[in-house]
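Notes follow once the structure below has been shown.
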Amino acid sequence: MSAGPDSNGERAPAPAVVPVFGSTCAQCSAAVQSILERSGLAPAFFAGQRPVHAPPEAEAYLQPSNPRLLELREAYRALQDGSLTHSRWSAEYVRRDVPLLSFRSDCAYVWQRRDLNGPMQLALTAYYLLGSAAAPYLRLGEDSLFGADTISVGGALTVSRDLLDSASELWFLDRFLGLRGAQDFTVLDIGSGYGRFAHRLVRAFPGVEALCVDAIAESTFLCEYYLRFRGVESRARVIPFPDAAAALAARRVEVAVNIHSFSECTLQSIVWWLDLLRAHRVKHLMIAPNAQAGGGRELLSWEEDGSRRDFAQEIRARGYRPIACEPKYADPLLQRYGVTPTHYFLFELA
């Protein structure tokens, strides 16, 4: 309680400062501030919007009134087969957390600051990956375009969560499926967002192509733009959601990946995808659940009422058997302090 007049109208003496771990409160506050600054989590880290770097034509194109976006929204609204049952990704959520120009910032697609992925976490993860077989994937390049949070590591390497996550995922897939030597190999990216994984995938593996599908019209719109902007649209094709089944019927797909997407879908939507993969004999399925689902150890849906349902049994019921489940980082220290730890699951169609 602050000092104030006592019952006699005289100001009472201020309370003594209580030492905390041998320090005054002021010293303790300074120590906390120093720790935050060293970790990169000082108040400025959380403060407001940051400048968004984008090419001049992006601002004119990435507008809610863009005819292509309006066309996609109308096509998605027309679907009546139950495949687009949204829970977390409601229209209000998209409006609030999917910025069209700064789509690589801390938003719905890639949690950065809100997941406490500060400079220390980025640097720690970068040095871990540089000391592993994932190091070549960190050389794919990074910039701060469209709002990405980046840091410089060792004065020569620029990294972001986009790049670090992609490197981990590519390393995992290459170890189990040999993508480095693959030819005429197609990967289906379910819930592709703005296309960050597909962009890295086709850059890393010349013999691999990607099909990108997302159940949100804004994601498809951004993915089309981003992959075209990065110059990889000939090998990373964007498929509007209404055309997903036809795309799988038209070409062989060897593996489907779902990164942080099924964790934000209803069980009905997940089952729709699993049935489609089974019908078209997609041999492998990789899933990276959200870390909030038991540290990424569980495969849980997100229902319209906010409840979670285990969908692992639905995968097994369609003939997919688990062949790998491992933490995102083999080092327990990284699995605790690295960038958004989770687990990677890989299934094979029996």
Open item on the list: Based on this model, can you work out whether residue 142 counts as open to solvent by 30 Å² or more (accessible area, probe 1.4 Å) and at pLDDT 95 or above?
Closed with: yes
TODO: Determine whether residue 137 is in contact (Cβ under 8 Å) with a residue 60 or more places away in the chain, within 24 Å of residue 343 (Cβ to Cβ) and surrounded by 20 or more Cβ atoms within 10 Å (Cβ to Cβ).
DONE: yes
Open item on the list: Under 8 Å between Cβ atoms, which residue pairs at least 6 apart in sequence (or on different chains) link something in segment 105-120 that is more than 16 Å from residue 142 (Cβ to Cβ) with a partner that is of a type in the set (Ser, Thr, Tyr) and surrounded by fewer than 17 Cβ atoms within 10 Å (Cβ to Cβ)?
Closed with: 108/93; 118/39; 120/39
TODO: Select from segment 212-255 the residues that are in a strand (DSSP E or B) and in contact with a His (Cβ under 7 Å, 6 or more places away or on another chain) and write down the one among them that is surrounded by the fewest Cβ atoms within 10 Å (Cβ to Cβ).
DONE: 255
Task: Qualifying residue in segment 64-85 (condition: crowded, with 20+ Cβ neighbours inside 10 Å, within 26 Å of residue 171 (Cβ to Cβ) and in contact with a helix residue (DSSP H, G or I) (Cβ under 6 Å, 6 or more places away or on another chain)) - done: no
Task: Subset tally (residues that are over 17 Å from the mean Cα position of the chain (by Cα), under 30 Å from residue 336 (Cβ atoms) and part of a loop (DSSP other than H, G, I, E, B)) for segment 276-297 - done: 0
Open item on the list: So, in segment 266-297, how many residues would count as being open to solvent by less than 30 Å² (accessible area, probe 1.4 Å) and charged (D, E, K, R)?
Closed with: 0
- [ ] Consider residue 300 carefully, then state whether it is aliphatic (A, V, I, L, M), open to solvent by less than 40 Å² (accessible area, probe 1.4 Å) and over 21 Å from the mean Cα position of the chain (by Cα).
- [x] no
- [ ] Select, from 84, 70, the only residue that is at pLDDT below 90, over 30 Å from residue 116 (Cβ atoms) and out of contact with any Cys (no Cβ under 6 Å at 6 or more places or on another chain).
- [x] 84
- [ ] Would you please list the contacts, defined by Cβ atoms under 7 Å and residues six or more apart or on different chains, that run from a residue in segment 77-95 that is closer than 11 Å to residue 302 by Cβ to a residue that is at pLDDT below 85?
- [x] none
TODO: Might you let me know whether segment 113-130 holds any residue that is part of a loop (DSSP other than H, G, I, E, B) and closer than 23 Å to residue 304 by Cα?
DONE: no
Open item on the list: Being without any contact (Cβ under 8 Å) to a residue 24 or more places away in the chain and either in contact with a helix residue (DSSP H, G or I) (Cβ under 8 Å, 6 or more places away or on another chain) or of a type outside the set (Ser, Thr, Tyr) (or both): is that true of residue 214 here?
Closed with: no
Open item on the list: Which numbered condition in (1) loosely packed, with under 15 Cβ neighbours inside 10 Å; (2) at pLDDT 70 or above; (3) assigned to a helix (DSSP H, G or I) is the only one that residue 32 fails?
Closed with: (2)
- [ ] Filter segment 149-166 down to residues that are at pLDDT below 95 and outside any strand (DSSP E or B) and give me whichever is nearest to the chain's Cα centre (by Cα).
- [x] 149
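The values are calculated or read from the model by the stated rules, or taken from the named source; none is laboratory data. This is a predicted model, so every value here is computed, not measured. Ideal geometry is used to build each Cβ from the backbone, glycine not excepted, and the neighbour counts take in all protein chains shown. Accessible surface is based on the protein model in full, side chains and every heavy atom, while ligands, DNA and RNA are left aside. Shrake-Rupley method; radii C 1.70, N 1.55, O 1.52, S 1.80 Å.
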